[in-house]
Amino acid sequence: MSNAMKVRVKNKNGVVDVKVIINHPMENGLRPNPQTGQKIPAHFINQFKILVNDEEVLVSRCTGGLSKNPFYGFKLTDVKANDKITVSWSDNKGQSGSTDAVVN
Amino acid sequence: MKARLFIAVTALHAIVLPAVAETNFNTHPRFEINPELGVAGDFSGTYKHWRDPSAVEQFASVQTDSSNEWMMNGKNMDIVEDDFHPGHLAVDEGEKLVNLWEHREPGFKACLGSGSTDLEGIAARYPLYDEKLGRVMTLAARVEHCSKKVLWKNFKQGSPMNANITLYLKSLSNGQPIQIAVDSGPMKEAYLRGETLFYKRVGQLNFACASCHTPGSIMGNRLRGEVPSTPFGDVSHYPTYRSPVGEVEVLHKRFMRCLKQMRAKPLKPGDPAYVDLEVFYTSMSNGYPITAPSIR
């Protein structure tokens, strides 16, 4: 439930604007817990993928440097209406998530 | 001899007292606010800039100057076409929670809507006086009350769960103008108490809300890095996703942050004093449409 994500796709004159927001703590593993003083274990997204009709168009390898609840925004060309855009991510603890969106 | 000395002391007081009485360390000088006018009674003179989305667009050039940005009252953040922020995630989370608990304990929605399961537009009428419970209820207090009564859980005011549900309920009234009546009964009493609290000086810095949010005060001038803006129309976008905090902030949490910055001891969310202050603040947003979820 905590790893929800939201995708918004907008087609504007052949350029498809995709915006993604992922609910993720993005702990880099260096931050101490104020109560115990011990470091909070690292927990961050290390792979972020975009697929158009099950074909990879973007793979991003990220580290703990990204902020909490990361936001991705990018533009795609050569995408037709009713194409399926899949956004998926996986983190260093083995958790993952993916959402589909259809180009309008 | 004693009597003569007493007279002498009193006479001295008579000379000194008028000078002391000029500065009141307990209250800030009052301004006339007409609760019937609602948001149109804005005393800062900036209402024309953020009256509606078209006015915000028209005065877009104002925000380019950082010292004039306060005139927009933050409303320029509401008209961004592609607003996409974690506030939307919180709305989804709240919707999920409400549907989940309605599924497990039928009657949760009916309790939230005080009888009806149609939750659209209820947020615009809060805070209101509940005759059954005999107290002024805010939306967050309603969520807490229903969770206790129907679910046998405690979604405490100020907790993330309560904030998410409150934001979801508020998002169902998106675009509807706030309509609360403070002209009679317990609501008027709460309004008057809230007005007193607005001008009440507290804390080590001896600040009142009015010290930063009335004409002739710090409002419109720099207070460290910020320029305080008018209190009118502010409630319409709360609970809001605060990017400096990184989470959804409810109005009572905002009051707590204010009190902390005034070096005063913050009260807990849901405190009767905060409820009174919320009634006063909401009456200052009367007639202004709700924007939820929002980002500030």
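Read the figures in this text as sums done on the coordinates, not as results from a lab. Quick caveat: nothing in here was measured; it's all calculated off a predicted structure. Here Cβ is always computed from backbone atoms with ideal geometry, including for glycine, and neighbour counts include all displayed protein chains.
Between A:ASN46 and B:GLU69, what FRET efficiency follows from the Cβ-Cβ distance if R0 is 30 Å, with the result rounded to 0.05?
On the way: r = 38 Å, r/R0 = 1.28.
Computed FRET efficiency for A:ASN46 and B:GLU69: 0.20.
Trypsin sites (Lys or Arg not before Pro) within the range B:201-238: which are DSSP loop residues with at most 16 other Cβ atoms inside 10 Å?
Details: sites: B:ARG201, B:ARG222, B:ARG224; in loops: B:ARG201, B:ARG222, B:ARG224.
Qualifying residues, ordered by number: B:ARG222, B:ARG224.
If R0 equals 30 Å, the separation of the Cβ atoms of A:GLN38 and B:ASP83 corresponds to a calculated FRET efficiency of about 0.20. For the range A:5-102, the convex hull drawn through the C-alpha positions has a volume of 89 cubic angstrom per residue. Across the cross-link table entries A:LYS12/A:LYS68; A:LYS68/B:LYS96; B:LYS170/B:LYS268, which are compared at the Cα atoms, the separations over 24 Å belong to A:LYS12/A:LYS68.
For B:GLN204 and B:ARG263 in one chain, what is 0.36 nm times their gap in residues minus the Cα-Cα distance, to one decimal in nm?
Numbers: separation 59, 0.36 × 59 = 21.24 nm, distance 0.53 nm.
Taking B:GLN204 through B:ARG263 to full extension adds about 20.7 nm, to one decimal.
Here's the list of aspartates and glutamates a cross-link from B:LYS253 could span, going by alpha-carbon distance under 15 Å and ignoring same-chain residues fewer than 8 apart: B:ASP234, B:ASP271, B:ASP276, B:GLU278. Within the shell of other residues whose beta carbon sits under 15 angstrom from the beta carbon of B:LYS48, the net charge comes to -1, with Lys and Arg scored +1 and Asp and Glu -1.
Listed values for the range B:231-241 are Karplus-derived 3J(HN,Hα) couplings in whole Hz (6.51 cos²θ - 1.76 cosθ + 1.60, θ = phi - 60°), namely x, 6, x, 7, 5, 4, 10, 8, x, 10, 7, and x replaces Gly and Pro.
Assuming charge only on the beta carbon of Lys and Arg (+1) and of Asp and Glu (-1), the dipole of the protein assembly as shown about its Cα centre is about 1580 debye to the nearest 20. By the rule of a C-alpha distance below 19 Å, with chain neighbours fewer than 8 residues away ignored, the aspartates and glutamates paired with A:LYS49 are A:ASP17, A:ASP78, A:ASP83, A:ASP91, A:ASP100. Taking 4.7 Å between C-beta atoms as the pairing limit, chain B has these partnerless cysteines: B:CYS209, B:CYS212, B:CYS258.
Per-residue 3J(HN,Hα) values for the range B:57-74, derived from phi via the Karplus relation 6.51 cos²θ - 1.76 cosθ + 1.60 with θ = phi - 60°, read 5, 4, 9, 4, 5, 5, 6, 5, 8, 5, 7, 9, 4, 4, 5, 7, 6, x Hz in sequence order (x marks Gly and Pro).
Could you let me know the centre-to-centre spacing of the range A:4-75 and the range B:216-277, using Cα atoms, in angstrom? Result: 30 Å between the Cα centres.
Calculate the dipole size of the range A:5-102 relative to its Cα centre from +1 charges on Lys and Arg beta carbons and -1 charges on Asp and Glu beta carbons; express the result in debye to the nearest 20. Present the calculation step by step, with values, prior to reporting the outcome.
Working: 14 positive and 9 negative charges, 80 e Å.
For this selection, approximately 380 debye.
If I fit a long axis through the Cα atoms of helix B:272-283 and take the longest principal axis of the Cα atoms of chain B, what angle between them do I get, 0 to 90°, rounded to 10? The angle comes out at about 80 degrees. Positive end of the dipole of the range A:5-102 (Cβ unit charges, origin at the Cα centre): among A:PRO32, A:PHE74, A:VAL7, the Cα lying farthest that way belongs to A:PRO32. For the range B:214-244, the residues whose amide N sits under 18 Å from a probe point set 7 Å from the Cα of B:GLN179 along the beta carbon direction are B:236.
What's the FRET efficiency of B:LYS188 with A:VAL102 using the Cβ-Cβ distance as r and R₀ = 51 Å, to the nearest 0.05? Result of the calculation: an efficiency of 0.45.
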